[in-house]
Amino acid sequence: MKRAALPSILVAVVLLALGVTAEAQQPKKVHRIGYLSTNDPATDSARVEGIRLALRQLGYIEGQNIAIEYRYTQGKIDRPPELAVELVRLKVDIIVVAGGDATIQAAKNATKTIPIVMIGAGSDPVEAGHVESLARPGGNVTGITTLGRELGGKRLELFKEAVPKLSRVAVLYDPANRPSLHEVKELLPADARSLKLTIQPWEIRAVDDFDKVFAALNKQRPDGLYVPGGGPVITANQKRIVGFALKSRLPSMYAIKEYVDAGALMSYGADLADSYRRVAYFVDRILKGAKPADLPVEQPTKFELVINLKTAKQIDLTIPPEVLARANRLIK
């Protein structure tokens with residue numbers, strides 16, 4: 001009996017070994033992720049690195065089991081549709097959109113089947129028509145909404161506390177960006193009145209507008225500059241705006257902390273590092289089979305105040321200690 005069983009055991013062992021070898025030789029699935037941003041690579045580097053790190057923590061390593069196709073519009077408003085179509089042609093598994101309504105819509109127009117994960121740009125995705133509801137997106141779009149526009153009043157409040165002499169605030173915005181337009185025209189006036197501030201809106205529709213607006217601001221000399229963010233022209237000219245504020249010795253408040261890293265005075269908004277981690281969560285769930293329609297759109301739960309003390313010193317501004325104590329990060 002033992003001798004008769006021996007050949008069968010040997011055959012089983014050989015077949016098992018062959019199976020293991022064949023499995024080891026099977027190439028691992030490499031998921032392709034499309035990344036569509038309204039920025040340029042340099043401006044977007046911190047965000048990209050944050051998402052890469054968050055993906056790595058979930059086991060997705062670029063060059064091993066994921067490949068990321070990067071596409072940047074670099075502030076050109078006609079580029080999102082073209083680049084979105086390009087990503088679809090590459091047959092990516094997911095498109096991550098780091099941009100506002102127009103860029104998200106461009107991705108939606110390019111595909112009804114490839115999942116789209118948005119990184120929020122302050123817009124209400126339901127109002128903008130990207131999803132049916134936050135709890136049940138219903139289509140191929142889900143992700144993060146940063147609710148930037150609802151924070152305008154809080155930013156003005158913090159701005160006034162940091163700059164007690166603040167009275168007239170110039171607001172730089174792109175009217176083509178719906179969230180910024182809504183904030184500046186419908187939300188900020190009431191917030192400003194309650195704080196006894198006067199806001200002076202300045203439209204930036206194209207790159208050529210910067211010189212004209214900056215010249216006018218130099219004549220009018222407001223007490224501060226507020227940039228709510230949003231819109232490819234504003235985003236692509238981050239360093240130019242920060243440079244003007246520094247040269248003009250204007251205290252400035254922004255919605256995005258990257259401006260402060262570039263030399264602006266202060267920012268208040270959603271903790272973007274936390275948002276990047278959540279983007280990785282959505283990518284992971286979708287790659288494991290979840291449908292965007294069933295993944296609720298998330299709102300931020302963490303917010304951060306960032307202050308650049310080097311800039312404060314450069315423009316001869318002393319920020320009250322109680323404001324500094326509330327900052328999540330101080331750049332020294």
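The values are calculated or read from the model by the stated rules, or taken from the named source; none is laboratory data. In this text, all values refer to a predicted model and were calculated from it rather than measured experimentally. Note that each Cβ is placed from the backbone with ideal geometry, even for glycine, and that neighbours are counted across all protein chains shown. Ligands, DNA and RNA are stripped out before the accessible areas are found, and what is left, the full protein with its side chains, is counted by its heavy atoms. Shrake-Rupley method; radii C 1.70, N 1.55, O 1.52, S 1.80 Å.
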Q) Quick one: if you stick a label point 7 Å off each Cα along the C-beta vector at Lys154 and Arg205, how many nm between them? A) 3.3 nm
Q. What full-extension length gain, to one decimal in nm, is calculated for Ser248 and Leu324 as 0.36 nm per residue of separation minus the Cα-Cα distance?
A. 25.0 nm
**Q.** Cβ-Cβ FRET estimate between Asn218 and Ser45, R0 fixed at 30 Å, reported to 0.05
**A.** 0.45
Q: Collect residues whose amide H, placed 1.01 Å from N in the peptide plane, falls under 5 Å from the amide H of Met253; neighbours closer than 5 in sequence don't count.
A: Leu225, Tyr226, Val227
Q.
With a 1.4 Å probe and all protein chains left in place, how much accessible area per residue does the chain have, in Å²?
A. 49 Å²
Q) Dipole size in debye (nearest 20) for the chain around its Cα centre, Lys and Arg Cβ +1, Asp and Glu Cβ -1? A) 620 debye
Q: Note down the Stokes-Einstein diffusion coefficient of segment 145-275 in µm²/s, whole number, using a Kirkwood radius over alpha carbon pairs, 4 °C, and 1.567 mPa s.
A: 89 µm²/s
Q: Once you've got the Cα coordinates, tell me which of Lys108/Lys212; Lys160/Lys247; Lys212/Lys310; Lys247/Lys310 are over 24 Å apart.
A: Lys108/Lys212; Lys212/Lys310
Q) Hey, what do the phi angles of segment 217-225 turn into as Karplus ³J(HN,Hα) couplings, whole Hz, using 6.51/-1.76/1.60 and θ = phi - 60°, x for Gly and Pro? A) 5, 5, 7, 7, 6, x, 8, x, 10
Q: Take the Cβ-Cβ distance between Lys313 and Lys76 as r, set R0 to 51 Å, and report the resulting FRET efficiency rounded to the nearest 0.05.
A: 0.90
Q | Loop-resident sites, segment 158-249, for trypsin sites (Lys or Arg not before Pro), counting at most 13 other Cβ within 10 Å (DSSP) | A | Lys165, Lys196, Arg205, Arg249
Q: Using the Cα centre as the reference, give the magnitude of the dipole from point charges on the C-beta atoms of segment 253-332 (Lys, Arg: +1; Asp, Glu: -1; all else neutral), rounded to the nearest 20 debye.
A: 180 debye
Q | Calculated from backbone phi, Karplus (6.51, -1.76, 1.60) coupling profile of segment 124-137 in Hz, x at Gly/Pro | A | 7, x, 6, 4, 7, x, 6, 9, 6, 7, 5, 6, 9, x
Q: Pop a pseudo-label 7 angstrom from the Cα along the beta-carbon direction at both Glu69 and Glu86 and give the gap in nm to one decimal.
A: 1.0 nm
Q: For the chain, state what percent of all Cα-Cα pairs lands in each successive 20 Å bin, counting from 0 Å until the bin that includes the largest distance.
A: 30, 49, 14, 5, 2, 0
